[in-house]
């Protein structure tokens, strides 16, 4: 095939790909708020920032009546705020509030129907956020006994317990030993403890907590979180901890480490992939793809060089190259096309292979 025909055929495929990618973006649009996940549990949540506008603010204009000073201040702020920003008003109101005002906002959330049910729940969340910074133990007790929905109650307890354990693990240990949190799942507590203790480098504490988690998905998610934290903040501890895990958990932790490392040290990230290959784990294929995507976003040239050296079976190679090519196209179409053409000319790929790659990216 002549070089002119070769370039024409390949560029026709690329043009179709670009049109297809644009259509895919148009059809899918931005990620739905409902697809966003809570960083603690990994389960979609109706966070304060995604509460429907119709659930915010006063359900009807105030008709006068008696109000506390805090209620008057809140209503004045709401009157000036854009409707989309009304939940932010609550956090601004609580930013430096004393405990007295925190309790007043909680009482207001339970003692009036002037505000919608959704907004009253946001009032509680803002109050608990401030209370956690003033007195984490009392805040946790109050959240556990509150009328928050179970999902929101558990997610806040995980969030604040993790933060507290990351700052003062021994205080948390004493609090739980002396009092505990009545009505709260032990798995919720242990997931938070494991992540917080990892942040503070308390190995015995996070290992004990991990060992008690019974629900498999929660345990897997927590191992991933602990691995990322240790790789980032306590690498020597990560290296000492991983060999003590069962092989399946080792693979999970090493996979997260590889993904974390690719930004700062790609060579070490690739060494983690070698470890996964030695373990003979199913994590390898998925992790290799995650590493490829992240590396291409940061350094497409080096990622492109690496992907062509991978000794993979046909389908796996097509899939990996397609991931790199798609990300590179989104960053710099001309550079991505030039890389593909040069790779074909050098014999690193043939045109038929690259056309199959392009077909994989069609919507």
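The values are calculated or read from the model by the stated rules, or taken from the named source; none is laboratory data. Every value quoted in this text rests on a predicted model; they were computed, and no experiment measured them. No Cβ is skipped: glycine too gets one built from the backbone with ideal geometry, and neighbour counts run over all protein chains shown.
Among the numbered criteria (1) surrounded by 18 or more Cβ atoms within 10 Å (Cβ to Cβ); (2) not in a helix (DSSP H, G or I), which single criterion is violated by residue 222? Residue 222 satisfies all of (1) surrounded by 18 or more Cβ atoms within 10 Å (Cβ to Cβ); (2) not in a helix (DSSP H, G or I) except (2). For the stretch 156-184, filtered to residues that are surrounded by fewer than 17 Cβ atoms within 10 Å (Cβ to Cβ) and assigned to a loop (DSSP other than H, G, I, E, B), the residue that is modelled with the highest pLDDT is 168. Answer yes or no as to whether residue 294 is under 30 Å from residue 223 (Cβ atoms), surrounded by fewer than 21 Cβ atoms within 10 Å (Cβ to Cβ) and touching a residue at least 40 places away in the same chain (Cβ under 8 Å). The answer is no for residue 294. From the list 275, 305, 264, the one residue that fits, being more than 22 Å from residue 239 (Cβ to Cβ) and either surrounded by 14 or more Cβ atoms within 10 Å (Cβ to Cβ) or free of Cβ contacts under 8 Å to residues at least 60 places away in the same chain (or both), is 305. Filter the stretch 338-363 for residues that are in a helix (DSSP H, G or I) and more than 18 Å from residue 316 (Cβ to Cβ) and give the result. Of everything in the stretch 338-363, those that are in a helix (DSSP H, G or I) and more than 18 Å from residue 316 (Cβ to Cβ) turn out to be 338, 339, 340, 341, 342, 344, 345, 351. Suppose we filter the stretch 114-136 for residues that are farther than 16 Å from residue 78 by Cα and either part of a loop (DSSP other than H, G, I, E, B) or in contact with a strand residue (DSSP E or B) (Cβ under 7 Å, 6 or more places away or on another chain) (or both); how many remain? Residues that pass the stated criteria total 1. Counting the residues of the stretch 99-108 that are touching a strand residue (DSSP E or B) at 6+ places or on another chain (Cβ under 9 Å) and surrounded by 22 or more Cβ atoms within 10 Å (Cβ to Cβ) gives 0.
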